[in-house]
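The values are calculated or read from the model by the stated rules, or taken from the named source; none is laboratory data. This one's a predicted model, so the numbers in the text were calculated from it and none came from an experiment. FYI the Cβ positions are ideal-geometry reconstructions off the backbone, even for glycines, and counts take in every protein chain you see. When the accessible area is computed, the model is the full protein with side chains, heavy atoms only, and any ligands, DNA or RNA have been set aside. Shrake-Rupley method; radii C 1.70, N 1.55, O 1.52, S 1.80 Å.
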Amino acid sequence: ERFEALFRIYDEQTTFQMFKSFRRVRISFGTAEAASRARIELHDTEFNGQPLKLFFAQVQNGGEDVDKAYLAPPQPVKQFLISPPASPPVGWSQSEDATPVINYDLLCAVAKLGP
């Protein structure tokens, strides 16, 4: 409660996520200005005998900017060539096997050969 009170001075809507195994806390402020003021004023201050180390996290915003940061998946035409689906695509039909060519003269000659 004392720890949270340090940061609630800057923004009443502040949320806290405790990561005890990492000995870290993620603090989310409602505005960037509140986060900036808190970092400027509280960085390297002591709390329970330990200095506070405050860092900004990169915010991931959904939208067009994020979509442009990654490669787009290939068009559906190419996806079939990369990884075929579990069932054939629409309009696909199996080709008929050609009739096998049997050379009876060759079979006869091989049969006449002896050990």
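When the residues of the range 13-62 are filtered to those that are of a type in the set (Lys, Arg) and within 14 Å of Phe3 (Cβ to Cβ), which remaining residue is nearest to the chain's Cα centre (by Cα)?
So the residue we want is Arg26.
Within the range 29-56, how many residues are in a helix (DSSP H, G or I) and open to solvent by 50 Å² or more (accessible area, probe 1.4 Å)? Quick ask: steps written out before the conclusion?
Here is the first cut: in the range 29-56, the residues in a helix (DSSP H, G or I) are 32-42.
Among the residues that remain, those that are also open to solvent by 50 Å² or more (accessible area, probe 1.4 Å) are: 32-33, 37, 39-41.
So the answer is 6.
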